[in-house]
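So the structure is just underneath, and the comments pick up after that.
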Amino acid sequence: MVEHVIDNSKINEIKASVDIVDVISEYINLTEKGKNFFGVCPFHDDHSPSMSVSREKQMYKCFSCGAGGNVINFVMDFENISFLEAVYKLANRAGIILDNKVYQRKNIESKHQDYYTVYDLAHKLYTNNINTELGKEAVEYLQKRKLDMKAIKDFKIGLSLKDNRMLINMLKKKGFDEKFIESCGLANRFEEGYKDKFYNRIMFPLYDLNGKVIGFSGRVYNREDKSKYINTQETEVFKKGELLYNYHIAKNIARRENEIIVVEGFMDVIRMRTIGIDNVIATMGTACTKQQLHLIKKMAKKIILLYDDDDAGQKANYTIAKELVKLGCHVKIALLEDHLDPDEYILKYGKEKFINRLEHAVNTMDFNLNYLKKQKDLSSSQDMATYVNEMIAELNTIEDPVLIELTLQKISDESHLDISFLKSKLTQKEKPEKKLVFKELPKEKITKYKKAEQYLLHYMLLSEEVIKIYQKKVSYLPTYRYRMLAREISYFYKEYGYISPSDLFTFLRDSEEEVMTLREILNLNLKEKYTKEEIYDYIKLIRDGNILSEVERIKNQMKQEIDVAKKTEMALKIVDLQKSLEEEI
C-alpha cells in the first residue's frame, strides 16, 4: 500500500462540505453569542468558554491558550490523529469518496500496512471459525459466561482451532513468510519449525486508537493451561503503552457525556458494554503511561477509575488518580468488594448494584484517606506520623480550599492533632501554569516596527488589496518568521487567486513554525476594517525600521574602520539613508 497525498483543491472541497460549528459541536458544547459560537476550550484546563468558533470564517480560536485553525486542525488536535486521518474522517462525514488510485504518492510504501493486513486476515479466520460447527463448544462456553451471540458478534470474538499451523498455512498462501508472521506475534519458532502462537483458544481482538485490529488475546476454554490468557507481544504496531482498549468506540460517547470510566482489562469493558455502559476504556493492566493519561484527559473532564479490588488494582487507583489530578482532571474512584474485577462483580451482583457503585464513586481525597491507612497500625505513633505526612503531601497537590479544609478536619479527628498545626504543614504554592497542547513561540520584544509587521500580515490575511500593496511596496520584512509567512501568503494568492486564513492553515500544514506564526497573527484581535492610509503607515514604519537598522549596522562598521576615505563614504551613505526616511511610500 502507498501513502496517500491529497491535493489542496480536494482538501478545500472537503472543508467546504462540512460546517465547522456542526463538527466542533460533536466534541464540545457550543453556545451562540452574536455571530460566533463559544465553548470551553478542550486544549487547556479551561473553566470558562474561551474558545470562539466562527461559521462565517470557518475558523476557531482560543483567547486563552492560543489554539486555533480550521476544522481539520481541530479534529487533528482533539483526536490526536494525523492530518491525513483527519481529512479522511471529514471526507467520510461529508460523503466524499477519495479515490486511492488518484490521490497517492508513488513509491512510498506504508511501513506498517503488511502488519495490518496480516491481523485483518487472522481476524477473519478466527471469526469464521467460531461460526462453524467446530466453534460450537466455544460458543456454549461464552454463553455460560453470559455472552450471547449478539455480544459475540458485536465484539467480533473469534476462535483459533486445534490445528497449530492453520493460520501460518493460510498466511503463507497470501504471500507472507513465517519469519514475518512471527514478528507479528502470531507464530512461535521451535526446533521442528514454526507453529501458531494461538491455537484452541477463544480469540478477542485488540484494537489501535482508530479501531484497526493490531493483536489478540486468546483464552483457554476447554482444557487446563497455566496461562488462562495469552496476548500478542509488542510489535511494530502493537504498543500497549500507547493504546486504550475500546478508545475508538468510547471516545465520542465520553465526550458527549463528559465522563469516561477507566478499567483494567478488556473483559471488564466487554461486560460493561453488555449492560449498556459504553463510555468505558481499559488500560490493559495496572500501569498507565504518560501518553495514555493524556488520551484519557482528552476524552472527558470527569473520570471514574474502576480498577480491580485487589492490591494491584487499588494501587493503580491511587497512582493513576494522582497523575490525572495533576493534569487538571476531576477524578473519582468506584470501589468494589470481595476482591472482584468489574466483569466478575456484574456476573455475581448484577447490573443495578454495579451501577450503584459507579454512582457512589468517592473523591480522591476520601479514597486516599482509606488507602494510605492500609497496612498501618494507627495506634503506633510512627505509623500515624507516616500517615499524616502522606496525607499532607497529597493535600499539597490540590487547589480546592474547601476540599483541603474538609480533609484536614478528618485528619485532625483521626490523629487528634490540632487543625491549625496541620495547616502549618501545608506549603504555600504558586498556582501551576496551565499545560497547553500548543507550543508557544519565543517571547520577543514588540517594538513599533514589529507591530507594523504584525498588523500588515493581519490585513494581508483579510484582503487581496493589501496583498497586492505588499507585493508592490514591501521588499523586506526584518523578522524572519513574519517574512516567511508573508512569502507564503503572497504565494498562496498567486497560486489560487484568493486568500483565506482557513485554507492557509491547510496550505501550511507541513511547517509547524509558520502555523504557529499564523495563529499568533490571527490572535491579535485587531479590527477587521482598515484604510489604505493605515496600510501605508505600517509599510512606512517597516521601511523606516529597515533603514534605521542599516544605519546602525554602518555605524558599527565605522567604529572598526581605520581607512578615512572608507569612513567618509560610510558617513555619506548614512546621510542618504536618513534623508530617505523623509520620502513618501
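The values are calculated or read from the model by the stated rules, or taken from the named source; none is laboratory data. The shown structure was predicted, so the numbers you read here are calculated from the model rather than taken from an experiment. Neighbour counts run over all protein chains shown; Cβ positions are idealised from the backbone, glycine included.
Things to note:
- Here residue 286 does not qualify as touching a Lys or Arg at 6+ places or on another chain (Cβ under 8 Å), surrounded by 14 or more Cβ atoms within 10 Å (Cβ to Cβ), of a type in the set (Val, Ile, Thr) and more than 14 Å from residue 264 (Cα to Cα).
- Flag set for residue 137, criterion: charged (D, E, K, R) and modelled with pLDDT of 95 or more.
- Identity of the residue in the range 402-412, touching a residue at least 40 places away in the same chain (Cβ under 8 Å) and buried (at least 17 other Cβ atoms within 10 Å of the Cβ), that ends up nearest to residue 379 (Cα to Cα): 411
- Residue among 490, 415 that alone is of a type in the set (Gly, Ala, Ser), surrounded by 16 or more Cβ atoms within 10 Å (Cβ to Cβ) and modelled with pLDDT of 90 or more: 490
- Of the residues making up the range 400-417, just one is acidic (Asp, Glu) and closer than 14 Å to residue 363 by Cα, namely 400.
- Any hit, the range 195-208, residues being among the β-branched types (Val, Ile, Thr) and under 30 Å from residue 163 (Cβ atoms): yes
- Single residue of the range 234-286 satisfying the filter (touching a Phe, Trp or Tyr at 6+ places or on another chain (Cβ under 7 Å) and part of a helix (DSSP H, G or I)) that is nearest to residue 360 (Cα to Cα): 269
- Residues of the range 267-283 that are over 19 Å from the mean Cα position of the chain (by Cα) and under 21 Å from residue 80 (Cβ atoms): 269, 278.
- Restricting the search to helices (runs of 4 or more DSSP H) fully inside the range 471-560 and requiring at least 3 residues that are among the hydroxyl-bearing types (Ser, Thr, Tyr) gives 480-496, 532-560.
- Scanning the range 146-168 for residues that are among the aromatic types (Phe, Trp, Tyr), under 30 Å from residue 81 (Cβ atoms) and in contact with a strand residue (DSSP E or B) (Cβ under 9 Å, 6 or more places away or on another chain) turns up at least one hit.
- Residue 364 being free of Cβ contacts under 8 Å to residues at least 60 places away in the same chain and under 23 Å from the mean Cα position of the chain (by Cα): no
- Any hit, the range 424-435, residues being modelled with pLDDT of 75 or more and over 38 Å from the mean Cα position of the chain (by Cα): yes
- Scope the range 46-56; condition surrounded by fewer than 18 Cβ atoms within 10 Å (Cβ to Cβ) and within 23 Å of residue 516 (Cβ to Cβ); matching residues: 54
- Residue that is outside the structural domain of residue 15 (by TED's automatic domain parsing) and more than 31 Å from the chain's Cα centre (by Cα), where the choices are 547, 521, 489, 499: 547
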